[in-house]
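Here's the structure, in structure tokens; my notes come after.
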Amino acid sequence: MQKNIIKIMELAIELKERGHHVFFDFSPHVGTITVRVFENGWIKGKEANFNNHFYCYENDFTNKFKIATNFTMCIEYLEGLK
């Protein structure tokens, strides 16, 4: 999980230099991650082009496969904007 979080953060920094804004929120007390992407920058009132909110710890709501799928989906989307 830690490697995936770091990868998302690295991509967010890289994409900022290309004009895209990536909002990343990690709430460790409840084990959730939210990734929102605004292609070509954030503008007030504009909906995110990509929005994924998911549990990153195994619990009653999720399992290893769902967690891995969500991380992969986020990373692949971000890498596609490079």
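The numbers here are math on the coordinates, done by the rules we state, and not lab data. Remember, predicted model here, so these are calculated numbers, not experimental data. As a convention, Cβ positions derive from the backbone with ideal geometry for all residues, glycine included, and neighbour counts pool all protein chains shown.
Taking 0.36 nm per residue of sequence separation and subtracting the Cα-Cα distance, how much length would be gained by fully extending the chain between E79 and K7, in nm to one decimal? Before the final figure, lay out each step's value.
Details: separation 72, 0.36 × 72 = 25.92 nm, distance 1.00 nm.
Here the segment from E79 to K7 would lengthen by 24.9 nm.
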- Item | Correct choice for log10 I(q)/I(0) by the Debye sum over Cα atoms at q = 0.11 Å⁻¹ that was computed from the model, options (i) -0.39; (ii) -0.28; (iii) -0.79 | (ii)
- Item | Cross-link partners of K82 among lysines (Cα-Cα below 20 Å; sequence separation of 8 or more within a chain) | K3, K7, K16
- Item | Cleavage-rule hits, GluC sites (Glu not before Pro), the chain, DSSP coil, Cβ neighbours within 10 Å at most 13 | E17, E47, E58
- Task: Quick one: what are the phi-derived ³J(HN,Hα) couplings along the stretch 13-30, Karplus 6.51/-1.76/1.60 with θ = phi - 60°, whole Hz, x for glycine and proline?
- Result: 5, 4, 5, 4, 5, 9, x, 9, 10, 10, 9, 10, 10, 10, 10, x, 5, 10
- Is it possible to state the helix-based mean residue ellipticity at 222 nm for the chain, with each DSSP H run of 4+ residues giving -39500 (n - 2.57), the sum divided by total residues, to the nearest 500 deg cm²/dmol? What is it? -13000 deg cm²/dmol
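Within the chain, what's the longest run with no chymotrypsin sites (Phe, Trp or Tyr not before Pro) in a DSSP loop and at most 15 other beta-carbon atoms within 10 Å? Give the range, please.
Numbers: sites that count: W42, Y57, F61.
Result for the longest clean stretch: 1-41.
Order of T69, T62 from fewest to most other C-beta atoms within 10 Å? Let's see the in-between values first.
Details: T69 13, T62 17.
Neighbour counts put them in this order, fewest first: T69, T62.
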- Task: For a footprinting-style exposure proxy, rank L11, L81 by other Cβ within 10 Å, fewest first.
- Result: L81, L11
- Message: Give me the dipole magnitude in Debye, nearest 20, for the stretch 2-80 about the Cα centre, with unit charges on the beta carbon: positive for Lys and Arg, negative for Asp and Glu.
- Response: 80
- Item | Under the Karplus curve 6.51 cos²θ - 1.76 cosθ + 1.60, θ = phi - 60°, whole-Hz ³J(HN,Hα) for the stretch 55-60, x wherever Gly or Pro sits | 7, 10, 10, 5, 7, 5
